[in-house]
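See below for the structure under consideration.
The values are calculated or read from the model by the stated rules, or taken from the named source; none is laboratory data. This structure is a prediction, so every number in the text was calculated from the model and none was measured. Here the Cβ positions follow ideal geometry from the backbone for every residue, glycine too, while neighbour counts run over all protein chains shown. In case anyone asks, the SASA skips ligands and DNA or RNA and just uses the protein heavy atoms, side chains included. Shrake-Rupley method; radii C 1.70, N 1.55, O 1.52, S 1.80 Å.
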Amino acid sequence: MSDRVIIFDTTLRDGEQSPGASMNAAEKMRLATQLEKLGVDVLEAGFPASSEGDLNAVSLIAGKLQKTEVAALARTSKNDIDRAWQAISHAVKPRIHTFIATSDLHLEYKLKMTREQVVEAAVEAVKYAKSFTDNVEFSAEDGSRSDRDFLCRVFEAAIAAGATTVNLPDTVGYAVPEEFADFVRYVIDHTPNIQKAVLSVHCHNDLGLATANTIAAIKAGARQAEVTINGIGERAGNTSLEEVVMALRTRSNFLAAGTGIQTEYIHPTSRLVSMITGIMVQPNKAIVGANAFAHEAGIHQDGVLKNPMTYEIMKPETIGLSANKLVLGKHSGRHALRSHLKDIGYDLSNEELDLVFGKFKELADKKKQIVDEDLEVIVTEGILRTTDIFKLEYLHVTAGTTVLPMASVKLTINGRSVQSADYGNGPIDAVYNTIAKLTGTDSELLRFSISALTGGTDAQGEVTVRLRENGLIALGKGADPDIITAGALAYINGLNRLEYLKANPIKEAADL
Ligand code: KIV
Ligand code: ZN
């Protein structure tokens, strides 16, 4: 058996199903490019039948990636498979990923189908997908709660119909490692043609066991892991890419399997996902949390200084965290900026660099030292938000102990300038009232949080908001040395995401 584990990244599909984590097409493209650089083998770009916007984004990604396989998700219906193929037919390496549930629970209550009908649907779907491409993956949704013999029967039939990968998902995060490893061994032993396909696993993290289950499955013989950056995904999320990759690398003595991931891009990719989705990584998150390599206790610090191996099982540089952060300032030139951006994972075109350099100079006039976190904000705000409907042009706020807070705001809406002023309970309330009036939106602010990007009183304030309008939820993010401006940018970013969701409604299952 090969010791190479295929990394199948589904940040753009299952990851995007995290509440509020919608991404627009430009953001998806940027992330896809970064994931290719990271070295993922397969990138699941989306679920084309779910919306026009998703189909277009998948199609753009399929046209861009050269080395990475681009997968599109489809249920077993011909329409879903047609939409998936429409989106990826021009990819250098396309893959159709079709799925149907196999647990009795799903069969009885969701699908209202018999086991025979499910086998037939799986076979028909794989054969139909196979008429477009040789590269077809079949997933048995809720596989971990399915009858083992039935699951093996479905896999056998799917492989006989042409599936080149069969995937065993723990859809609801119910499995525990020993049991899941045993399931994988059972599948290998009881699916007669299993050697003709790659066996994959796809775990959710409802019990906090997604990585443990994935590693146990790999140890038992699975050779594809479906993962997301930072573990984002439906409910408690999916298995996190960085945890699986670094566990395989750090414990290669025990696990005897590896990946093709360029680990030095793990940290920049994790930051990019946080910046784009607005979902921050918890500080104590393994591998990519802010505290993952921070030693607080004196006894640990002493040990690490004497020999890092005493308390560090991985070197921070391995995941792209450099100990000596290069600090840039107002006299730094284009060349230094370009080369530093490249080091932290952003390989920009000349036009993109022009834009970022201008913003960098603006910020350097306000803030003495520009560090990586500042650059990440400039890149994501400067490049990824160029297609936004609403843009902030101007903001003036009066607030204090003796005045009624008032904001005067100028925006462009689809390139047209509008301005207005309004009052509020505090400066943020005044700004948000004015912006809501100008944009004609009526969203509810569910969450507002503010933090400093770095230490120091000149640090940029980073605001994250969560907005709800007509049942749609979006996160928004903004950063600026002025926290009121950061709040306005976050709100506008959230409104732009809501507009994107309104324009790209996800179709209900019944519509498809
Ligand atoms: O969790 C799941 O079962 C899925 C399938 C579509 C693979 O995401
Ligand atoms: Zn899933």
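Projecting the alpha carbon convex hull of the stretch 320-384 along each direction and taking the average yields 4.0 nm².
Return the Rg/Rh value of the chain, two decimal places, where both radii are evaluated on C-alpha atoms and Rh is the Kirkwood radius. Across the chain, the Cα-based Rg/Rh ratio is 1.00.
Residue-wise HN-Hα couplings along the stretch 155-169, as the Karplus relation 6.51 cos²θ - 1.76 cosθ + 1.60 with θ = phi - 60° gives them from phi, are 4, 4, 5, 5, 5, 4, 7, x, 5, 9, 9, 10, 10, 10, x Hz; Gly and Pro carry x. Separation of the stretch 226-247 and the stretch 25-53, taken as the distance between their Cα centroids, equals 16 angstrom. Under 5 Å between amide hydrogens, built in the peptide plane, is the criterion, and for E312 it picks out nothing among residues at least 5 positions away or on other chains. Computed with a 1.4 Å probe over protein heavy atoms only, the accessible area of L207 comes to about 110 Å².
How large, in percent, is the carbon and sulfur part of the accessible surface of the stretch 334-490 at a probe radius of 1.4 Å? Walk me through the numbers on the way to the answer.
On the way: 3670 of 7550 Å².
Answer for the stretch 334-490 is 49 percent, counting heavy atoms of protein chains only.
Multiplying the residue separation of I188 and V176 by 0.36 nm and subtracting their alpha-carbon distance yields 2.5 nm. Summarising the amide proton neighbourhood of L168: residues at separation of 5 or more, or on other chains, whose placed amide H is nearer than 5 Å comprise S200, V201, H202.
Please determine, in degrees from 0 to 90 and to the nearest 10, the orientation of helix 177-190 with respect to the longest principal axis defined by the Cα atoms of the chain, where the helix direction is its Cα long axis. So the inclination is approximately 40 degrees. The local environment of F132, defined by Cβ-Cβ distances under 12 Å, has a net charge of +3 under the rule Lys, Arg +1 and Asp, Glu -1. Neighbours of P177, meaning other residues whose beta-carbon lies under 12 angstrom from its beta-carbon, give a summed charge of -3 when Lys and Arg score +1 and Asp and Glu score -1. Translational diffusion of the stretch 6-277 was estimated from the Stokes-Einstein equation, with Rh taken as the Kirkwood radius over Cα pairs; at 10 °C and 1.306 mPa s the coefficient is 87 µm²/s. Relative to the current alpha-carbon distance between H300 and N414, full extension at 0.36 nm per residue lengthens the span by 35.6 nm.
In the stretch 108-157, which trypsin sites (Lys or Arg not before Pro) fall in coil by DSSP and have 14 or fewer other Cβ atoms within 10 Å?
Values: sites: K110, K112, R115, K127, K130, R145, R148, R153; in loops: K112.
Those that pass, being in a loop and sparsely packed, are K112.
For A459, no residue 5 or more places off, or on another chain, has a built amide H under 5 Å of its own.
In terms of Cα atoms, the Rg and Dmax of the stretch 179-329 work out to 17.6, 63 Å.
Which order do H396, H300, H340 take by accessible area at a 1.4 Å probe, largest first?
H396, H300, H340
Taken as Cα centroids, the stretch 135-205 and the stretch 355-400 sit 47 Å apart, rounded to the nearest whole angstrom. Can you tell me how the stretch 390-503 classifies by the Cα gyration tensor, rounded, prolate or oblate, using a/c under 1.5 as the rounded cut? It is oblate, given that a/c is not under 1.5 and a/b is not larger than b/c.
Keeping every protein chain present and rolling a 1.4 Å probe, give me the accessible area per residue for the stretch 6-277 in Å². Before the final figure, lay out the partial values.
Details: 9100 Å² over 272 residues.
Dividing the accessible area of the stretch 6-277 by its residue count gives 33 Å².
Here is the result for the stretch 376-484: no trypsin sites (Lys or Arg not before Pro) lie in DSSP coil with at most 10 other C-beta atoms within 10 angstrom of their C-beta. Per-residue 3J(HN,Hα) values for the stretch 255-265, derived from phi via the Karplus relation 6.51 cos²θ - 1.76 cosθ + 1.60 with θ = phi - 60°, read 8, 6, 8, x, 10, x, 6, 7, 4, 5, 9 Hz in sequence order (x marks Gly and Pro).
Mind checking the angle between helix 210-220 and the chain's longest principal axis? C-alpha axes, 0 to 90 degrees, to the nearest 10. Helix 210-220 sits at roughly 30 degrees to that axis.
In the stretch 183-266, which trypsin sites (Lys or Arg not before Pro) are in a loop and have at most 14 other Cβ atoms within 10 Å, using DSSP for the loop call? List each step's numbers first, then the result.
Details: sites: R185, K196, K219, R223, R235, R249, R251; in loops: R223, R235, R251.
Listed in order of number, the matching sites are R235, R251.
Accessible area per residue was computed with a 1.4 Å probe on protein heavy atoms; D134 scores about 110 Å².
In order along the stretch 398-409, the phi-based Karplus estimate (6.51 cos²θ - 1.76 cosθ + 1.60, θ = phi - 60°) of 3J(HN,Hα) comes to 10, 7, x, 7, 10, 10, 6, x, 9, 10, 10, 10 Hz; Gly and Pro are listed as x. The angle separating the long axis of helix 78-88 from the principal Cα axis of greatest extent in the chain is about 50 degrees. Solvent exposure of D343, expressed as accessible area, is near 110 Å², computed with a probe of 1.4 Å over the protein chains only.
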